[in-house]
Amino acid sequence: MSKKFFWSSYDQGRTFGKIRHRSKRIHEYDFESAVRLRKKVFLITLLLILVYLLYLFFYSEHFRITYLNFSGQTEIPTEEAERLVWESMKGSVFGIFPGDNYFWARIGRIQRQFDEQGLLAEVAVEKDFPHTLKVSLKDKLGQLVWIANEQFYVINLKGVVEKQLPVKELVNSKYPVIYDLSNTAAGLNEPLVNQQLVNLILEAYTTFSTYQLPVIELDYFKVDSPEANYVKMVAKQGFEIHVNYLSSFEKQINKLRKSLAAGKIDLNKINYVNLRIENQVIYK
């Protein structure tokens, strides 16, 4: 008896034409889970370290300014200076970091705080790690007294008239006093004086004593007009010294010093000394 051959049975038995996918074993799944877990732990640890460092350096007491050391000479009371410095560090920086943090303390804002209060002081600030600010204060020249038509005005460093000054306030003034011989009309909040002339007067007022000229002490200044390129420095001995801003003030004063050292000028017998001409000293 012959056997019947069924193709369906044959097909069911064929396995070599199909690809069987191997399933992952349990230990492989455990290994991948462990890797993912380690990554999460690492990221969380890193985040915690960053948060801790952020708190340590920017928010903790370890790097907060708590001491102020003042030095220098100024008429500003120490209590007032301290108040302004602490106020300048109030609030936050970028809305995030505390203003009194050692790393974020805004030194430039301290100078602006003094300027906004109208205090004439140069402020130099140095950080002393990790809790201290060293603050050096020095009086600075910020105004001039301008006299024209028997009226007294306060001129700022840009040559602008800020206010009219009662005569009684001129007593013991520490600002340079300038007499305008042209009696030019002055308007409040308007520019009046040539900027270069202002700079020359300030340089003369602040540096003249450093040249150590014998028996010469400045008293006040005179100008022929607010736009003049020269100024007449009046000494307490009564004579005048004429200088301009077209040449170095130092060079002009050095010419006078050399002439005095050589005995060419008798200060008791002159009305003025003109230093404005290059390489010459003219006196009368």
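Here VAL198, VAL223 are screened, and the one residue that is in contact with a Gly (Cβ under 6 Å, 6 or more places away or on another chain) and surrounded by 14 or more Cβ atoms within 10 Å (Cβ to Cβ) is VAL198.
Of all residues in the stretch 125-144, those satisfying the criterion of being surrounded by fewer than 14 Cβ atoms within 10 Å (Cβ to Cβ) and among the charged types (D, E, K, R) are GLU126, ASP128, LYS138. All of ILE155, ILE201 fail the test of being at pLDDT 90 or above and hydrophobic (A, V, I, L, M, F, W, C), apart from ILE201. Taking the stretch 239-284 as the range and being within 22 Å of TYR205 (Cα to Cα), assigned to a loop (DSSP other than H, G, I, E, B) and without any contact (Cβ under 8 Å) to a residue 24 or more places away in the chain as the test, the residues that pass are SER248, ILE277. Taken together, LEU47, LEU54 contain a single residue that is outside any strand (DSSP E or B), farther than 30 Å from VAL125 by Cα and modelled with pLDDT of 90 or more, which is LEU47.
Can you report the number of residues in the stretch 66-120 which are assigned to a helix (DSSP H, G or I) and touching a strand residue (DSSP E or B) at 6+ places or on another chain (Cβ under 7 Å)? Count: 8.
For the stretch 65-105, filtered to residues that are farther than 19 Å from ALA124 by Cβ and hydroxyl-bearing (Ser, Thr, Tyr), the residue that is farthest from the chain's Cα centre (by Cα) is THR66. Close contacts from the stretch 40-59, counting a first residue that is assigned by TED's automatic domain parsing to the domain that holds ASN101 and exposed (fewer than 10 other Cβ atoms within 10 Å of the Cβ) and a second that is of a type in the set (Val, Ile, Thr) and at pLDDT below 90, with Cβ to Cβ under 7 Å and a gap of 6+ residues or different chains, come to none at all. Residues that are touching a helix residue (DSSP H, G or I) at 6+ places or on another chain (Cβ under 8 Å) number at least 3 in the following strands (runs of 3 or more DSSP E) confined to the stretch 136-231: 218-223.
The conditions of being loosely packed, with under 13 Cβ neighbours inside 10 Å and either at pLDDT 95 or above or under 19 Å from ILE147 (Cβ atoms) (or both) are met by LEU188.
Among the criteria (1) surrounded by fewer than 19 Cβ atoms within 10 Å (Cβ to Cβ); (2) modelled with pLDDT under 90; (3) small (Gly, Ala, Ser), the one GLY99 does not fulfil is (2). Only one of the listed residues (VAL234, VAL193) is surrounded by fewer than 19 Cβ atoms within 10 Å (Cβ to Cβ), among the hydrophobic types (A, V, I, L, M, F, W, C) and without any contact (Cβ under 8 Å) to a residue 60 or more places away in the chain. That residue is VAL234.
The values are calculated or read from the model by the stated rules, or taken from the named source; none is laboratory data. What you see is a predicted model, and the numbers here were worked out from it, not measured in a lab. Glycine also receives a Cβ, built like all others from the backbone with ideal geometry; neighbour counts cover every protein chain displayed.
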